[in-house]
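The values are calculated or read from the model by the stated rules, or taken from the named source; none is laboratory data. Quantities reported herein were computed from a predicted structural model and do not represent experimental measurements. Positions of Cβ are generated from backbone atoms using ideal geometry, with glycine treated the same way; all protein chains shown enter the neighbour counts.
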Amino acid sequence: MEHQTIKYGLFLGVLISLLALSSCYNDNYQDLYPSAPCDTTSVAFTNDVWPVINAQCTGCHSGGTPSGNIRLENYSDVVVIAKNGKLLGSIRFDSGFSPMPKGGAKLSSCTIAKMEKWVHDGTPKN
Ligand code: HEC
């Protein structure tokens with residue numbers, strides 16, 4: 001009986017340390033404070049999507065020879081990868097897609113939720 005309790009305690013200890021360790025992995029506001037509101041009620045390109053793309057993606061995906069031959073310089077560029085599934089596949093690190101931003105940290109879960117909502121809503125511009 002006592003032996004069982006000790007084993008259980010050890011198991012819990014290991015579980016808690018693992019959880020604590022993994023929580024350091026994504027150092028961003030949403031993941032550190034999951035109770036912070038993630039407002040996905042109305043998501044539009046101009047206010048929600050473009051600032052992220054412009055800051056995280058356009059550096060590689062612009063100019064004469066954009067990475068992966070994918071240009072992300074404006075609304076219609078981004079709609080192309082939204083419609084063909086590559087935007088969500090790459091930012092969610094889904095298998096079968098190249099994880100984006102390449103070599104960088106995964107976008108916050110709130111940002112990803114907003115992108116999902118935007119695609120789901122039919123890529124509204126404003
Ligand atoms: C450091 C440069 C770099 C950044 C930053 C970057 N990409 Fe990429 N991206 C690439 C390269 C290079 C490829 C070609 C595939 C590969 O080499 O992984 C690519 C490919 C892609 C693809 C095609 C993936 C596939 O599996 O077909 C998509 C979609 C994409 N990027 C979207 C994005 C988005 C969205 C962002 C911002 C969140 C982003 N990229 C940021 C370099 C980058």
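Of note:
- Flag for Val52 being more than 8 Å from the ligand (Cβ to nearest atom), of a type in the set (A, V, I, L, M) and on the phi < 0 side of the Ramachandran plot: no
- Gly104 more than 25 Å from Thr41 (Cβ to Cβ) and free of Cβ contacts under 8 Å to residues at least 60 places away in the same chain: yes
- Selection count where residues are more than 6 Å from the ligand (Cβ to nearest atom) and more than 9 Å from the chain's Cα centre (by Cα), scope the stretch 85-103: 6
- For Lys7, the conditions (1) more than 10 Å from the ligand (Cβ to nearest atom); (2) among the basic types (Lys, Arg); (3) modelled with pLDDT of 95 or more all hold with the exception of (3).
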